[in-house]
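Here's the structure we're looking at; comments come further down.
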Amino acid sequence: MIKVVLWDIDGTLLSFKLAERAAIGACFEKFGLGKLTDEMLAHYSAINARYWKRLELGELTKQQVLRGRFEEFFAAYGLDTACVDDFNAEYQVRLGETVVFNDNGKELVERLRGKVRQYAVTNGTLVAQRGKLKNSGLDLLLDDVFISDVIGIEKPNKGFFDAVFEKIGQFAPGEVLIVGDSLTSDIRGGNNAGILCCWYNPKAEPVPAGFRVDYDIRNLKELPAILGLE
């Protein structure tokens with residue numbers, strides 16, 4: 001019986017793409033960088049995803065990710081890289097301002113309260129994630145929040161999950177389920193921790209070799225059935 005749900009935030013409970021678009025657009029305006037086109041945003045998103053993958057592999061530090069992604073992006077469009085640090089600092093604040101739930105996720109979390117223990121597990125920055133959690137109301141709905149900036153270790157490292165269980169107590173592997181959209185962060189992390197893994201996969205992509213996916217869902221509303229609550 002599943003007793004604990006570990007929720008990823010970005011791309012799972014909340015739409016990261018919409019927050020990203022709004023945050024970068026606002027920063028472009030504030031720093032006078034001109035018009036942010038759809039092509040530029042798509043280019044940045046690809047750069048950002050690549051940098052975060054390298055973080056998950058231990059190839060880069062968090063600071064190298066936060067700075068390097070914007071340095072590469074700015075250089076590609078001839079923008080002045082001197083404002084990268086200030087731009088990134090503003091971006092972290094702005095990321096927390098746009099809150100859009102996927103699949104009525106807030107109602108789902110509310111419905112599950114008291115039936116299972118629910119925790120956020122996220123690699124996002126402290127500033128951005130605290131803003132998102134507060135503005136979404138998730139900080140009051142979830143039992144606790146675990147942010148890699150605070151723990152000092154990123155998903156998918158087992159040490160991140162060891163820190164979580166040190167705080168919430170020990171459970172049998174079959175009693176804990178991580179729900180996330182990232183194979184390399186959430187699912188790999190769940191595999192490393194030896195817990196059940198639910199891949200939030202709205203595009204119905206095939207499960208690649210090398211990952212253990214116990215549940216493959218298209219919509220978060222499928223979760224209650226997995227938890228035996230329907």
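The values are calculated or read from the model by the stated rules, or taken from the named source; none is laboratory data. Model, not experiment: these values are computed from the prediction. Note: ideal-geometry Cβ built from the backbone for every residue, glycine included; neighbour counts use all protein chains shown. Remember, those area values only see protein heavy atoms, side chains included, never the ligands or the DNA or RNA. Shrake-Rupley method; radii C 1.70, N 1.55, O 1.52, S 1.80 Å.
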- Looking for whichever is over 25 Å from Gly190 (Cα atoms) and in contact with a Lys or Arg (Cβ under 6 Å, 6 or more places away or on another chain) here; the options are Gly68, Gly96, Gly78, Gly137. Which one fits? Gly96
- Query: Leu6 passes all but one of (1) of a type in the set (A, V, I, L, M, F, W, C); (2) within 16 Å of the chain's Cα centre (by Cα); (3) surrounded by 20 or more Cβ atoms within 10 Å (Cβ to Cβ); (4) over 30 Å from Glu230 (Cβ atoms); which number fails?
  - Reply: (4)
- helices (runs of 4 or more DSSP H) contained entirely in the range 51-160, each with at least 3 residues that are open to solvent by less than 20 Å² (accessible area, probe 1.4 Å) and in contact with a strand residue (DSSP E or B) (Cβ under 8 Å, 6 or more places away or on another chain): 105-112, 126-136
- Note on the structure: Of (1) touching a helix residue (DSSP H, G or I) at 6+ places or on another chain (Cβ under 8 Å); (2) hydrophobic (A, V, I, L, M, F, W, C); (3) modelled with pLDDT of 95 or more, Ala46 fails just (1)
- Task: Please find, among Gly194, Gly189, the residue that is open to solvent by 20 Å² or more (accessible area, probe 1.4 Å), within 18 Å of Val5 (Cβ to Cβ) and at pLDDT 95 or above.
- Result: Gly194
- Query: Given the residues Glu59, Glu39, Glu107, which is the only one that is free of Cβ contacts under 8 Å to residues at least 12 places away in the same chain and under 30 Å from Ala225 (Cα atoms)?
  - Reply: Glu107
- Assess whether Ala22 counts as being crowded, with 17+ Cβ neighbours inside 10 Å, among the small types (Gly, Ala, Ser), part of a helix (DSSP H, G or I) and touching a residue at least 24 places away in the same chain (Cβ under 8 Å). no
- Task: Go through the range 167-200 and give me each residue that's free of Cβ contacts under 8 Å to residues at least 24 places away in the same chain, part of a strand (DSSP E or B) and under 21 Å from Gly58 (Cβ atoms).
- Result: Cys197
- Is it the case that Val164 is under 18 Å from Val109 (Cβ atoms), open to solvent by less than 70 Å² (accessible area, probe 1.4 Å), in contact with a helix residue (DSSP H, G or I) (Cβ under 9 Å, 6 or more places away or on another chain) and part of a helix (DSSP H, G or I)? yes
